[in-house]
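Here is the structure we will look at, set down as structure tokens.
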Ligand code: GLV
Ligand code: MN
Ligand code: MN
């Protein structure tokens, strides 16, 4: 019998309190948090989550890329793992990532309190640098955990502020001894807010996430001719700011023209010297291009590349490209997705099968074990913004689905060996 069938449910005030306590560590105006990966704020957040793991009696391990695992060794074998991340973008809300980690702790505490012992270990992961806001690529900790990037290469990545990732890990005391890549869990299930508007708009409480769209990130540096803003005739300009703006417009038009799930974003433009009366010397622009379909994503990438060639030739500027991340679309384990839908239905919730627009650690774990995700609504679809909000009722609904699914995944067939 599932825990909720026995009347066992997660403790909503306790989950709420942990979410609020974590958010208060690094607050920003508007109710959100700023914990860019491997900063002092991230360390403070890690310290508190780790102390909660210790309070619960979990075995806490930190690996060589700084991922933290709190494991309830209640049975032999590979654990059923949940978790997410607690690093944030600079303008983070209080739910993105944090909810998945803290709901995982809540599941374990609920089962412990109810005296229900699963037949496999349960583990809660806090993955390093999921956001990719300070170090690229995103989902780096989970990528390294599954062997998708070598530890050496990951430790050598430079932050947007120039710091080396390995040095920052050591500085904050999270360069742990556990090996990377790490052992494959029995299964991985991640609970997360949707971060988009669909569930709320359709009045649906639970998303059974069947995949994650592909992500293509690059940074382009445009070098032109810096000059006087008043004296340089328009026809003689080689203006990186103009080219940066054209790229942003092109991406927007491309996404509109392609339609479907195509999305494109210019999220960062840095001009130098960045002064009112100087035609800039350089512009550095980030391009975020995503699609659920790999072929369409490749078409979008080619169109972007052709545009960069054209605009460089037309405007007489040099454009250098640097790849920051490239992940193909991921399809989650269909059986696990069905299980999410079935449990949510049994809880009386409407369920929507949907892909994720955002990147998540579960997409990396899917390389080594059956994986899927549970979504709950995001108010107005707002995320990566301090105003990010999910109603308590929905947070609790998602956590109770997580409770039942982790319990079920930890069951063994009557004659099954311990592995
Ligand atoms: C990670 O949060 C992303 O940008 O999808
Ligand atoms: Mn997230
Ligand atoms: Mn995020």
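Hey, any idea what the orientation-averaged projected area of the convex hull of the stretch 155-224's Cα atoms comes to, in nm²?
9.5
Which order results if 294, 413, 301 are arranged by neighbouring Cβ count within 10 Å, fewest first?
Neighbour counts put them in this order, fewest first: 413, 294, 301.
Let me know the Kirkwood hydrodynamic radius for the chain, please, with Cα pairs as the basis and the value in Å to one decimal.
22.4
Computed over the Cα atoms, what is the radius of gyration of the stretch 51-98 divided by 2.2 N^0.38 Å, N being its residue count?
The value comes to 1.36.
Which FRET efficiency value, to the nearest 0.05, do you get for residue 393 and residue 158 by plugging their Cβ-Cβ distance into 1/(1 + (r/R0)^6) with R0 = 30 Å?
Computed FRET efficiency for residue 393 and residue 158: 0.10.
Test of understanding: what is the full-extension gain from residue 225 to residue 382, defined as 0.36 nm times their sequence separation minus their Cα-Cα distance?
52.6 nm
With 10 angstrom as the radius, rank 145, 242 by how many other C-beta atoms surround their C-beta, starting from the fewest.
Values: 145 31, 242 19.
Ranking 145, 242 by Cβ neighbours within 10 Å, fewest first, gives 242, 145.
Taking a temperature of 37 °C and a viscosity of 0.692 mPa s, what whole-number D in µm²/s does Stokes-Einstein yield for the stretch 222-282 with Rh from Kirkwood over alpha carbon pairs?
255
Bin width 5 Å, alpha-carbon pairs only: give the P(r) of the stretch 54-209 as whole percents, running from 0 to the bin holding the largest distance.
Each 5 Å bin holds this share of Cα pairs: 2, 9, 16, 20, 18, 15, 10, 6, 2, 0.
Against the longest principal axis of the chain, how steep is helix 240-258, in degrees 0 to 90 to the nearest 10, with axes from Cα atoms?
50
Cα gyration tensor of the stretch 193-262, axes a ≥ b ≥ c as square roots of the eigenvalues: rounded (a/c below 1.5), prolate (a/b > b/c) or oblate?
Judged from the Cα gyration tensor, the stretch 193-262 comes out prolate (a/c at least 1.5, a/b above b/c).
Order of 373, 1 from fewest to most other C-beta atoms within 10 Å?
Details: 373 29, 1 9.
Going from least to most buried by this count: 1, 373.
When the helix-only estimate is applied to the chain (DSSP H runs of n ≥ 4, each -39,500 (n - 2.57), divided by the residue count), what is the mean residue ellipticity at 222 nm, nearest 500 deg cm²/dmol?
-11000 deg cm²/dmol
Roughly what % antiparallel, to the nearest 5, for the DSSP beta bridges in the chain? Don't skip to the end; give the middle numbers.
Values: 46 of 66 bridges.
For the chain, the DSSP antiparallel bridge percentage is about 70.
Using alpha carbons only, how many degrees (0 to 90, rounded to 10) separate the axis of helix 294-315 from the longest principal axis of the chain?
Relative to the chain, helix 294-315 is tipped by roughly 20 degrees.
Hey, could you pull the Cα Rg and Dmax for the stretch 267-419, both in Å?
Over the stretch 267-419's Cα set, Rg and Dmax evaluate to 22.4, 77 Å.
Roughly how tilted is helix 392-409, in degrees to the nearest 10 and between 0 and 90, from the longest Cα axis of the chain?
Once rounded, the angle reads 60 degrees.
Considering every pair of different Cα atoms, what Kirkwood radius, in Å, is found for the stretch 195-348?
17.9
Using a 10 angstrom cutoff on alpha carbons, build the Gaussian network for the chain and name the most mobile of 203, 66, 359.
Sorting by GNM fluctuation, first place goes to 203.
Using 10 Å bins from zero, what percent of all Cα-Cα pairs in the stretch 331-419 falls into each bin?
It works out to 14, 42, 34, 8, 2, 0, in whole percents.
Read-outs: derived from the displayed coordinates by stated rules, not from any lab. Source: prediction; values computed, not measured. Every residue, glycine among them, receives a Cβ derived from its backbone with ideal geometry; neighbour counts consider all protein chains shown.
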